Amino acid sequence: MRLLREAVIHGDPFDMTMTMLRIKQFEACERRLSVCPKIALFSDQATDADAQALLTASFDNATDLSKRQLLTIAELRAAVLTRLPLEAQFLDVSERYLLMVLLQEGGSAVVEDPARFGAVESLVKRLWCSVRPEGEGWQITLPDALHEPLELAQQQWINSASQRRLYHFNNIIFSLLYTAGLVDERRPMDMFLQDVIQRDDWMACDIARRYMKAQFDYITDANGKLILVHPALVDPERMLLLQRPDGFLPAQVEQSQLMIAAGMFGISMERWVASPEYDQRLDILPDEIPAHNQMTLLLLDAVRPDYEPDECAEDLRLLIKQDYPYEEVNEAMKAMLVQLPTKEMDAALRELYLSTPRWVSLRAARVQ
């Protein structure tokens, strides 16, 4: 489940790792949940006095609609019900899981896993659910009025061919993000409309954008368009400016991202995009594997008890992809350890640093 990316205050190098970044984004998600309307759109208690607050907190307010238009509860409900049969076919995996739990449990559940907080937020922003704090988690409620239409939509999804298309789309976008760090919404939007939802009207565009907000980390550019970002990318605004000073990704950058990612699977860009049978996800480049494995091996039994060696090696590799100085990556490694780094660890980190391509240049520090 993905989240709106909030700005991160730069601190110690270890605080900039993907592991720590996830924790900060979960905390940011909880802050947003704490100010969500406490009443659901389809609650019997909802009145027109609640309509504007619900609209402001929803996906429908992406273009500040609430500042330009006053809507009634009836109008909001009609809009949600019109979109729901199609929208419910294209949900993030965590959203679908929570809906299944809610329907099985009579419409209410307590979510305590931080990894699912983003799904809670998305279901609230779709105006399907309400949320309130409960102990160490959040109680999410699905009003009775939506049980039947969502149960029907779930059954339609089980027998739908869109499952495979959606899975393939996710793998392409995640692979692009690993290759280049961030992706302008234009290419994913075109893929979603053409290959996944297979229609291009205004509702399809709206549902595509909602799906991308639920599935991927993102920021918005100067025109309010989405920029999808890798979950490890600490400063997407800075990277965007490095690639294009006016804040937009040029088409040739997007094209090179696709070509490089497809090339990792030994096929053409066109064949990869058009062929759902190529449903692999790229989360490490072949040239990065030897140095990553060596780093992981040397971290065994040397990292803190709550850390996994492979995840620590990944955190270090992803800092390097953002072109952090070697000294800062070295400090991040030291913060993971329960001992002083050995000479072998230093050598392995140096090799990882030299062999890992950076996101901005797509080149490693050492030219092969």
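Of the listed peptides 52-58, 196-202, what is their order by residue-averaged count of other C-beta atoms within 10 Å, with the highest listed first?
Put in order of decreasing packing, that is 52-58, 196-202.
Please list, in chain and number order, the residues 5+ apart from V303 or on another chain whose amide H is under 5 Å from its amide H, with Hs placed from the backbone.
Result for V303 returns V338.
Based on the Cβ-Cβ distance from I23 to A74, what FRET efficiency comes out when R0 is 51 Å, to the nearest 0.05?
0.80
Pop out the ³J(HN,Hα) list for segment 85-98 in order, Karplus 6.51 cos²θ - 1.76 cosθ + 1.60 with θ = phi - 60°, rounded to Hz; leave Gly and Pro as x.
Per-residue couplings from phi come out as x, 7, 4, 5, 7, 10, 10, 4, 4, 5, 4, 5, 4, 5 Hz.
Short version: ³J(HN,Hα) in whole Hz for each residue of segment 41-49, in order, from phi by Karplus 6.51 cos²θ - 1.76 cosθ + 1.60 (θ = phi - 60°), x for Gly and Pro, what are they?
4, 9, 5, 5, 8, 5, 10, 4, 5
With +1 assigned to the C-beta of every Lys and Arg and -1 to the C-beta of every Asp and Glu, and no other charges, what is the dipole magnitude of segment 49-109 about the Cα centre in debye, to the nearest 20?
160 debye
With the cut-off at 22 Å, tell me which of the pairs K125/K321; K24/K67; K38/K225; K67/K125 have Cα atoms farther apart than that.
K125/K321; K24/K67; K38/K225
Given R₀ = 35 Å, what would the calculated FRET efficiency be for V101 paired with E344, taking r from the Cβ atoms and rounding to 0.05?
So, using R0 = 35 Å, E works out to roughly 0.15.
Given 0.36 nm per residue, what is the gain on full extension from D201 to I289 after removing their alpha carbon distance, in nm?
Full extension of this stretch gives 27.4 nm more.
Please work out how much length the chain gains when fully extended from S34 to T47, using 0.36 nm per residue of separation minus the C-alpha to C-alpha distance, in nm with one decimal.
Extra length available between S34 and T47 comes to 2.6 nm.
Starting from the 7 Å offset along Cα-to-Cβ, what nm value, one decimal, do you get for the label separation of L242 and A335?
1.9 nm
Values in this text are rule-based calculations from the coordinates and carry no lab data. Computed from a predicted structure; not experimentally measured. When we count neighbours, we look across all protein chains shown, and the Cβ atoms used for this are built from the backbone with ideal geometry, even at glycine.
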